[in-house]
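Read through the structure below, which is laid out as structure tokens, and then see the notes.
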Amino acid sequence: DDSAGFTIANKLAAKTRGQAQALSNIGDAKSMLAVAEGSLGSTMDILQTIKEKAVQAGNSSMGTDERAAIQSQVVALSAEVSDILAGAEFNGKRMFSDTASTSLSFQVGDGSGDTFGATIGQLGVDTLGLGDVATADVTADATVDSHTLVGLFSSVTISDGSTYTGKDRTATFTIQNGTTEATDGTNTYAIAGGDVTIDGVEVSLSDYVDTETFTITFTGAATAGEFSSDLDLTTDSGVASALTAVDAAIKTVNTTASSLGDVQNRLDFKAQNLETSMNNYDSARSRIEDADFAKEQMEIVKLQILQQTGSAMFAQANAAPQSVLSFF
């Protein structure tokens, strides 16, 4: 009976349903950012532990073995930061990247332009100055002054007993012509057929005469997904550099967490505004489409009274003839 009102009511209903879905989108967005925020919280805890260990290592009361133990722990903690940031996902969407910022877009209204964008800055172990993760298998090689030393290996153990992978490492060896041994001053390695075998890894050596000292630099020995730390707590200068790097990393994580908090606050306000808008639009549709129960109830009561009054009048009208008939 009101075709114009029917059209308007349907349009308003479509708007409120769209806004209801937008409100659900905001809830999902807040959940997504909460996952990112949780990862940053864990990262901050680890960075504070790393700084504590770096301060501990910067102490002459620490011997070589003690510093090596601290170094091993810090490398493991740094690798865990890599895993945490890489694992921060929501429905398959990674929130942190070591190569670029992460752009997010949320539909927060029923209109085509009702979108809200957010950006999470570039963040990863490389960005934080903790190290890097190999993205592909790397063939390691090495050079020996003007001579050639070629090896294929994923790790090599140097004289101090530490295993270095995916990180440059220099060691000096003395090789005497005509002998079957090479020494780095601490360990002795076998020479067989012109090759040097270092902890089971065979490298080829050519053109050496008499007694020569070779400085060997092992580089790039890494496999995909392998973590390499940039923090070195085995020397005083390394500790100083590590403290500077960790302080910068803490500042970066703080800044990122703060920006996520700003985004979450804005989403809260958008959700409140949507709820108010939905109520108002739904009230407008209701006034057009829904029955006014108070008015209709009053109409029912009025009709009931009229009906009862009519019945009473007929009853009175019928009473007079009955009285006349009673005389007979």
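Residues of segment 288-299 include at least one that is in contact with a helix residue (DSSP H, G or I) (Cβ under 8 Å, 6 or more places away or on another chain) and either in a helix (DSSP H, G or I) or open to solvent by 60 Å² or more (accessible area, probe 1.4 Å) (or both). When each of N254, N265 is tested for being closer than 23 Å to E37 by Cβ and in contact with a helix residue (DSSP H, G or I) (Cβ under 8 Å, 6 or more places away or on another chain), the lone residue that passes is N254. Output the number of residues of segment 48-74 satisfying the condition of being among the small types (G, A, S) and surrounded by 12 or more Cβ atoms within 10 Å (Cβ to Cβ). Count: 6. Just so you know, in segment 300-328 the residues that are among the aromatic types (F, W, Y) and in a helix (DSSP H, G or I) include one that is surrounded by the most Cβ atoms within 10 Å (Cβ to Cβ), and it is F314.
So which residues in segment 236-267 are without any contact (Cβ under 8 Å) to a residue 12 or more places away in the chain and over 15 Å from Q48 (Cα atoms), if there are any at all?
The answer is S237, G238, S241, S258, D262, N265.
Pairs are defined by a Cβ separation below 6 Å, a sequence spacing of at least 6 or placement on different chains, a first member in segment 84-100 that is within 13 Å of G121 (Cβ to Cβ), and a second member that is open to solvent by less than 30 Å² (accessible area, probe 1.4 Å) and β-branched (V, I, T); the pairs so defined are M95/T102; M95/I120. Among the residues making up segment 39-70, those that are assigned to a helix (DSSP H, G or I) and without any contact (Cβ under 8 Å) to a residue 40 or more places away in the chain are D45, I46, T49, E52, Q56, D65, E66, A69. Only one of the numbered conditions (1) over 17 Å from D110 (Cα atoms); (2) exposed (fewer than 12 other Cβ atoms within 10 Å of the Cβ) is not met by T276, and that is (1).
The values are calculated or read from the model by the stated rules, or taken from the named source; none is laboratory data. None of the values given here were measured: they were computed from a predicted structure. Positions of Cβ are backbone-derived with ideal geometry, glycine not excepted, and every protein chain shown enters the neighbour counts. Remember, those area values only see protein heavy atoms, side chains included, never the ligands or the DNA or RNA. Shrake-Rupley method; radii C 1.70, N 1.55, O 1.52, S 1.80 Å.
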